[in-house]
Amino acid sequence: MLLAIPNVLTSEQVAEGRRILDAAEWIDGRDTAGHQGARVKNNQQLPLRSPAAEQLGQMILKALANAPLFMSAVLPARILPPMFNRYGVGQTFGTHVDGAIRMMGNGNSVRTDVSCTLFFSNPDEYDGGELVVEDTYGSKSVKLPAGHMILYPSTSLHRVNPVTRGVRVCSFFWLQSMVRDNGEREQLYRLDRSIRALGQERGATDAVVVELTSLYHNLMRLWADA
């Protein structure tokens, strides 16, 4: 499932984030790439433990905790600290797949089920730089307004097209879902959205709403690793 989450950050949060990011010290993005990724990666990143990354990472995680669409779509079990990258003119990240397992700072491992990109640059600030995600649904080119986020399965091949004008600034991170399978996770998401819509129309105690809610939670019991 490839899904856009609008307005994760307010315009004020985006402006503050850009102020911090524009003043930060960036490093070569290949320093954090795996064996395959380093061969096709040409960008800049913030060091993970930099004050800017930690401050903005906390802002993002707090915003996501209050984003019902995000919670419904990904059913997070563990979220890695947000990271930040920047692409100037000529920079790109060729086709690759994200590593299956990443380590958290506390020594725990995270299975990367869902990849997330949160935009800090508006589309009119740069040319090129599209995130292109390839999966069973075909190839999708993504370029969202600042403050919006795209989610996609970490199993997908993806790339960032070369930037030809301006600068593309984003946050990116991964999470482990309580539901490992992308297809099962998508079905739960669609069912949850239908239940919410029907509940608004008929009320939460309507017999059909109650029955569908029961089905949702029984599927969660069947598919989830709590």
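Observations, loosely collected:
- The slack between T155 and E12, meaning 0.36 nm per residue of separation minus the straight C-alpha distance, is 48.1 nm.
- Relative contact order, percent, the chain [alpha-carbon distance under 8 Å, six or more residues apart]: 24 percent
- Charging the Cβ of each Asp and Glu at -1 and of each Lys and Arg at +1, and nothing else, the dipole of the stretch 1-154 about its Cα centre rounds to 400 debye.
- For the residues G29, G105, G129, a GNM of the chain with alpha-carbon springs under 10 Å puts the largest fluctuation on G105.
- Ordered from highest to lowest accessible area with the whole protein assembly present and a 1.4 Å probe, D127, D206, D31 read as D31, D127, D206.
- Residues of the stretch 52-135: accessible area per residue with a 1.4 Å probe, Å²: 39 Å²
- Cα long-axis angle, helix 207-223 against the chain (0 to 90 degrees, to the nearest 10): 50 degrees
- Percent carbon-and-sulfur accessible area, the chain, ignoring ligands, DNA and RNA, probe 1.4 Å: 52 percent
- On full extension, the segment bounded by R221 and V208 gains 2.7 nm, given 0.36 nm per residue less the C-alpha separation.
- Förster radius 22 Å - calculated FRET efficiency between V89 and E25, Cβ distance, rounded to 0.05: 0.65
- Contour excess over end-to-end distance, with Cα ends at D181 and S194 and 0.36 nm allotted per residue: 2.7 nm
- The residues neighbouring V208, those whose beta-carbon lies less than 12 Å from its own, together hold a net charge of -2 under the Lys/Arg +1, Asp/Glu -1 convention.
- Global geometry of the stretch 4-117, whether rounded, prolate or oblate, following the gyration tensor of its Cα atoms and the 1.5 cut on a/c: oblate
- At q = 0.28 Å⁻¹ the log10 of I(q)/I(0) for the stretch 159-226 amounts to -1.18, computed by Debye summation with a single uniform scatterer per C-alpha, solvent ignored.
- Packing, taken as the mean count of other beta carbons within 10 Å per residue, orders the peptides 6-12, 88-94, 69-75 from highest to lowest as 69-75, 88-94, 6-12.
The values are calculated or read from the model by the stated rules, or taken from the named source; none is laboratory data. Please read all numbers here as calculations on a predicted model, not as lab measurements. Virtual Cβ from ideal backbone geometry, glycine too; neighbours counted across all protein chains shown. For the accessible areas, the whole protein counts, side chains as well, though only heavy atoms, and no ligand, DNA or RNA atoms are used. Shrake-Rupley method; radii C 1.70, N 1.55, O 1.52, S 1.80 Å.
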